[in-house]
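Any read-out appearing in this document is the output of simple, stated calculations on the displayed coordinates, not a laboratory observation. Quick caveat: nothing in here was measured; it's all calculated off a predicted structure. Methodologically, a virtual Cβ is constructed for each residue, glycine included, from the backbone with ideal geometry; neighbour enumeration extends over all protein chains shown.
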């Protein structure tokens with residue numbers, strides 16, 4: 001099988017989802033292995049129209065050389081050990097037990113954070129698709145498959161974009177089926193097959209899980225699933241540069257929302273992707289794109305160059321208005337943090353071409369005097385515990401001449417990490433744009 005290189009985990013997940021869709025699995029459940037497997041699994045779940053959950057796994061690293069795996073632990077008290085390697089390394093039973101106990105404690109912490117009080121997806125008598133971003137030694141995959149068996153899964157399909165050939169062969173006797181897009185006998189690390197292999201944080205996992213739980217789901221859900229299954233990758237010209245983006249268009253879209261990320265983050269921002277997924281489910285098209293190139297994003301001065309960011313956003317609005325799938329649809333802007341200031345400046349520049357604006361945890365103060373020129377209805381969403389930003393948004397609200405609303409999400413901090421808070425952001429955002437995009441009622 002030929003070697004493949006993936007742009008990032010999202011692209012790998014979309015390609016893997018297409019392959020799995022060909023199997024005709026009967027009402028599967030998709031589990032992403034934490035942490036790196038969850039972004040891949042999110043795309044797979046979308047392609048299959050299946051529910052998504054996370055399965056927590058932890059590699060057992062040899063203490064003097066942690067990158068050397070001697071086993072793995074997973075939920076449901078699943079433990080897999082490489083007995084021969086442990087013997088060669090001279091690890092005693094007591095040392096091995098301490099290692100298992102340490103990683104199990106971290107596993108339990110992650111389980112509590114990711115799942116909280118939410119009920120887990122039932123695996124009993126179900127087809128379970130276990131997804132990771134790659135298969136190296138295969139220990140975590142083995143532990144995950146065992147955990148699914150213990151939970152009563154009827155069939156376990158292990159799916160990875162890339163894997164070591166020997167590990168893939170070995171796992172075929174453990175899982176009911178193994179789907180791997182690319183195998184290599186010369187396998188050093190999973191990251192060698194990705195151009196972007198940035199670490200996945202707990203926050204990233206939580207955001208993806210929140211998005212998968214039907215945040216703001218409503219009319220257009222089936223169409224959104226169809227759109228997400230296609231490759232949404234696009235390139236957008238901004239001046240002399242071209243930046244990467246993802247354009248998702250559900251059937252019968254009411255309008256298109258262009259995202260402006262904050263603090264130098266990219267189109268892969270998990271929180272914005274979570275909100276975008278919600279908007280797709282509500283029948284809205286979304287464009288997430290990189291406001292800055294990778295080189296530019298490392299320059300903190302450019303991260304706060306609102307004029308530059310607004311100009312990039314305006315170029316994206318020009319571009320999206322010419323795309324056949326969304327041409328003629330009303331356009332809205334969604335900005336987060338510094339991206340909110342860019343969205344407000346762009347709205348002031350574009351005037352009636354922007355139908356509505358939403359700011360999440362935004363810095364509208366960075367738009368300065370341009371606030372007084374914004375005519376599009378604007379929703380400001382701020383966490384109730386984000387005191388400084390809340391004050392800044394209250395000041396901005398007094399300066400905005402357009403229709404505007406300030407929504408405070410109780411118990412939320414700046415990043416909306418708390419349980420249920422990102423869902424609230426997505427719900428408020430979907431409602432604002434759907435209302436703004438609806439044709440005006442005609443009275444007689």
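What list do you get for 428, 209, 284, 23 if you sort them by fewest beta carbons within 10 Å? Provide the component values of the computation, followed by the final result.
Details: 428 19, 209 23, 284 28, 23 15.
So the residues, fewest neighbours to most, are 23, 428, 209, 284.
Just check region 9-203 against the gyration tensor rule for me: Cα atoms, a ≥ b ≥ c as the square roots of the eigenvalues, rounded for a/c under 1.5, and otherwise prolate or oblate depending on whether a/b exceeds b/c.
Numbers: a/c = 1.60, a/b = 1.30, b/c = 1.23.
Judged from the Cα gyration tensor, region 9-203 comes out prolate (a/c at least 1.5, a/b above b/c).
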Could you give the angle, 0 to 90 degrees to the nearest 10, between helix 139-150's Cα long axis and the longest principal axis of the Cα atoms of the chain?
90
Taking other Cβ within 10 Å of each residue's Cβ, how do 180, 402 sort, fewest first?
402, 180
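Given the peptides 61-69, 124-132, 182-190, arrange them by the average over their residues of other C-beta atoms within 10 Å, most packed first.
On the way: 61-69: 13.0, 124-132: 22.8, 182-190: 15.1.
Descending packing order for the listed peptides: 124-132, 182-190, 61-69.
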Applying the gyration tensor rule to the Cα atoms of region 217-437 (axes a ≥ b ≥ c; rounded if a/c under 1.5, else prolate if a/b exceeds b/c, else oblate), the class is rounded
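Please rank 427, 35, 109, 273, fewest neighbouring Cβ atoms within 10 Å first, as an exposure proxy.
On the way: 427 17, 35 20, 109 12, 273 23.
By the 10 Å Cβ count, ascending, the order reads 109, 427, 35, 273.
How much space per residue, in cubic angstrom, does the convex hull of the C-alpha atoms of the chain take up?
162
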Cα-based shape type of region 359-444, given that a ≥ b ≥ c are square roots of the gyration tensor eigenvalues and the cut on a/c is 1.5:
oblate
Nearest-0.05 FRET efficiency for residue 67 and residue 94, computed from C-beta distance (R0 35 Å)
0.95
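In deg cm²/dmol and to the nearest 500, what is the mean residue ellipticity at 222 nm of the chain if only DSSP H runs of at least 4 residues count, each as -39500 (n - 2.57), divided by the residue total?
-12000 deg cm²/dmol
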Once the piece of chain linking residue 85 and residue 150 is laid out straight, how much longer is it, given 0.36 nm per residue of separation minus the C-alpha distance between them?
20.8 nm
Could I have the simple spin-label model distance between residue 414 and residue 202, label points 7 Å from Cα toward Cβ, reported in nm to one decimal?
1.9
Between residue 387 and residue 26, 0.36 nm times their residue separation minus their Cα-Cα distance comes to what?
125.1 nm
Compute a Gaussian network model of the chain, connecting alpha carbons closer than 10 Å, and tell me which residue from 122, 153, 340 fluctuates the most.
122
Post the alpha-carbon centroid distance, region 294-364 to region 387-406, in whole angstrom.
18
Computed from the beta carbon distance with a Förster radius of 25 Å, FRET efficiency for residue 323 and residue 438 to the nearest 0.05 stands at 0.70
